[in-house]
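Right, one structure below, let's go through it.
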Amino acid sequence: MTIQPALSDSKTYQKDLTRGLYQMVKKDYESAVASFTLVLRDNPNVYEAYLNRAAARSEIRDYDGALSDYDQAIKINPNVVESYIKRGELHAKQNDFPPAVEDYTQALRLSPKNSTALINRGAAYKRIGEYQKAINDYSTALKLDAQNYDAIKERADCRALSNDLNGAVEDYEFLLKKNKPGASALRFQLGEVLLQKGSKGSADENFRQVIAYHTKNLKGSRKSGEAYLQRGLAYAKLGETEKAIQDLQDASAWKADETVTRYNLGRLRLSKGDSKGAIADLTEALRLNPKYSPALMDRAAAYAAQGEFMNAQKDLDAALNGEKTADGFYSRAMARLAIGDTSGAVSDIGEAKNFGAQFVTNKRQALQEAISAKEAKGEKDLALADLLEQAALVDLGENNGDSAEALEKRSLAIKEKMMSKHDPKLAYSYMMLGRVYMKKRSLTKAEALFRTAMARLKNNADGTQKFAIFNLEDCAKLLIQSANQEDAGAILIDTRAARALSSMNERALAGDMSRKADRAIESFKKKKRAAAQEEVAQQNASPEAVSARPVEEVAAAAIAPTRGNDKPIRDKWALIVGISNFKDSSINLHYCAKDAKDFYDFLVTEKNFAPDHVQLLTDSTATRANILSLLGNKWLPRVAEPDDLVVIYFSSHGSPSSLDVGGVNYLVAHDTDVNDLYVTGIAMQDLSRIIKERVHCDRVMVLLDACHSGVAAPSSKGLARAANVNVDTIVQGTGQLVLSSSSPEQRSWESKRYQGSVFTKHLIDGLRKNGKLTKLGDAYTFLNEEVQREVMRDRGVLQNPVMKSKWEGSDLILGAPPARPSKGIGNIELPDAPRVSTTGGGEPSKTVKAPPAKRRK
């Protein structure tokens, strides 16, 4: 080190600095720190004192102080190569490799042929998985010194890790010729590379030579724990597991490094499939060295093998706290994926890329090879589904949304067939697909999947519902960023309620994002308040306005009880869906769209439904996203209040439960893929949950003119012979009333006598029976008789409509006028822009408009 002249008392400065250096040699680091501090007290610009005090502080583990001293030394003199190298070494010592790389790079700018900086930077690149960059640095160092053992050895390791197996073999063989004392260790590593190449014979020969060398040393009085350890590892490579275990146990008895021995015993047991034994050995290794990252990583793998993914994540968290590596982040991403923490998994894949992009690329290639191998054998099992999902996660991290979507759908298709519908892993996969849709900015689809997962995980004992909440909040953040305040508020008001119920603060929104969330929620509530104020104004209307109300409305409001569902109906809303023409034209029906339009006209003209209170979706406008958006987000949750009546009418195909393992029935939207129902259909059980959780009113009437029967006959609805929807399962969710067009074992038929559904035609006629005040019970009696009579006479089979409810109070009168009607909210932006407006014709429109209709006087 070149020492600059002192800036003040040179004699004192030199004396204190020399004393400090002498104390460093004697390893009296505390005293050395004091001596260098004396130098700096009177000579604050002596960078050598900072540099040496940093080294002393590092020895006593005052890393923050050391880093501060290195910073100051560089500030005083930024042209000293050693300062950057030493600071880089300190960063590496703390497993903080990216800034270490930066420091070594700065040293090389000042001294391009500095072999220490090259080798150190190569080591840092190796630790973060940037193997090719490490190889380049080692190769450059070898141009300066072709015999540098460390550079050749490290380059060989990196070549092996980057799959340059021929290059690795070349380096190891060169070292074997030059380094006979270390031949045993080198032969072991050469054997590992040859195994990777598929040269098993050559690999085994190297392992046998390792065994022979240590067997010779173990004869007589030359026994040692290290020899048993190394021979045991060689036996393990040859597949001689029992001999390997015996040697490792002997290594422990002969006082080999117990941490390393127990770690390797654990690894060996894990490779045998003995995850329980592996956990025991690895736990002992970690008792001896709690921060031993390799043992933490392998114990995490053992926990994962036992399905204990929470414990696996804890070990991986600990490993990453000690040493941040691409392997650690990648492994934790997979553990998080397995427990449903898709948000954390996506984040960890990103970190893995930052620490080692090539490492992640290699992992993705290995996944593809495993997938191809299973598919070649025809093994479409849950193991394949897991591989597909892992590949989807990696592709999502690579911003390849289309590939991720295709892989995740393939994974889900397998899981749907092989898992119970109540298996939480299905909900985890829905969240994974939701993350894919988030990446593709299909936020409506993402929200629907996350909400489905949140509902299914509500009662999960392990608390994994929180991951659905995290995903919904991530979705809300994107909506806030895109200025969709109300949509974000609709999500956040629900997630805050869910957090409050479970007293959960984990990953809570904070700081500026918390304030933005408050504004979004307030924006969502604003329309509710405006609607409430308008109702108050209507209630305080002039006597002339009151007297202008229809006489039946005044009478109904005057005599209506206020108990349960006998309270006056404040307002009435209806969502009507009918689909005759599907995206898949092979499943088209005749009259569903017409039936929906007929029912719309009936409600508006005869049953006191305001035109702007009824939404009609037919054919191409009736996509899954549009239906769910109106039902669960952009319309009904924003307009319907507790004392309102909501009617939901659906006329289309229904899927048979036989198409879904677990017996889930689906309603078929315009864009539903009948081969991909779990993503593109509307599960009937989920329909009831959406109504219960999102439509905040006490009266809901669901009318289903869709069944799950038939053999694709032109006049019957259904995709295959099976059974109609079981209304018992649907009504449980809404707590209200469901009317289905036929019983579970029957078909629903279109008429031979007129253009339309037998059910819808007689439903309308039954509701007309006694005018506007027809009770639903009377209408149902008429409907049941007339449907049964017509279908029996025309087709010789039975069709019996089914009504189930949890209705409380008097019978529903659909035509009862609303007591305190409010205005609608106008046009609604929907996720799937329809090709034509919902009026049934005209120019393409991005909004839903109520079709024109006149009230019957």
Classified through the alpha carbon gyration tensor (a ≥ b ≥ c as square roots of its eigenvalues; rounded if a/c is under 1.5, else prolate when a/b is larger than b/c, else oblate), segment 22-70 comes out oblate
For a quick protection proxy, order the peptides 191-199, 261-269 by their average other-Cβ count within 10 Å, most packed first.
261-269, 191-199
Run the accessible area of segment 414-482 with a 1.4 Å probe and give the carbon-and-sulfur part as a rounded percent.
47
With viscosity set to 1.306 mPa s and temperature to 10 °C, compute the Stokes-Einstein D of segment 89-225, Rh being the Kirkwood radius across alpha carbon pairs; µm²/s, no decimals.
98
Reported to the nearest 10 Å², TYR213 has, with a 1.4 Å probe, an accessible area equal to 110
For segment 518-524, Karplus couplings with θ = phi - 60° (6.51, -1.76, 1.60), whole Hz, Gly/Pro x
4, 5, 5, 5, 5, 4, 5
Please compute P(r) over all alpha-carbon pairs of segment 390-458, binned at 5 Å starting from zero, and give each bin as a whole-number percent.
4, 20, 27, 25, 18, 6, 1
Length gained if ASN95 through LYS417 is fully extended, taking 0.36 nm per residue and subtracting the Cα-Cα distance, is 111.4 nm
Can you compute the equivalent ellipsoid semi-axes for segment 407-523, i.e. the square root of 5 times each eigenvalue of the Cα gyration tensor, sorted largest first and rounded to whole Å?
26, 17, 10
Under 5 Å, built H, 5+ apart or other chain: amide partners of TRP749
VAL758, PHE759
Just reorder PHE524, PHE759 by solvent-accessible area, largest first, 1.4 Å probe, all chains present.
PHE524, PHE759
Rounding to the nearest 20 debye, state how big the charge dipole of segment 32-187 is about its Cα centre with +1 on each Lys and Arg Cβ and -1 on each Asp and Glu Cβ.
340
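Rounded to the nearest whole Å², what accessible area per residue is found for segment 330-381 with the 1.4 Å probe?
41
Give, to the nearest whole percent, the P(r) tail of segment 568-635 beyond 17 angstrom, counting all Cα pairs.
Tail of the P(r) past 17 Å holds 47 percent of the pairs.
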Order by accessible surface, 1.4 Å probe, largest leading, for residues ASP157, ASP386 comes to ASP386, ASP157
Does anything in segment 114-149 have its amide N under 13 Å from the 7 Å Cα→Cβ label point of ASN179, and if so which residues?
147-149
Solvent-accessible area, 1.4 Å probe, carbon plus sulfur percent, for segment 573-663
49
Which FRET efficiency value, to the nearest 0.05, do you get for LEU144 and ASN460 by plugging their Cβ-Cβ distance into 1/(1 + (r/R0)^6) with R0 = 41 Å?
0.10
Taking all protein chains together and a probe of 1.4 Å, list GLU486, GLU790 from the most accessible to the least accessible.
GLU486, GLU790
Going highest first, how would you order 591-597, 405-411 by mean Cβ packing within 10 Å?
591-597, 405-411
Holding the Cα-Cα limit at 22 Å, pick out from LYS291/LYS314; LYS415/LYS692; LYS272/LYS421; LYS374/LYS445; LYS445/LYS477 the pairs that are longer than that.
LYS415/LYS692; LYS272/LYS421; LYS374/LYS445
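The values are calculated or read from the model by the stated rules, or taken from the named source; none is laboratory data. Please read these numbers as outputs of a predicted model, since none were measured by experiment. Positions of Cβ are generated from backbone atoms using ideal geometry, with glycine treated the same way; all protein chains shown enter the neighbour counts. Note: areas computed on protein heavy atoms with side chains; ligands, DNA, RNA excluded. Shrake-Rupley method; radii C 1.70, N 1.55, O 1.52, S 1.80 Å.
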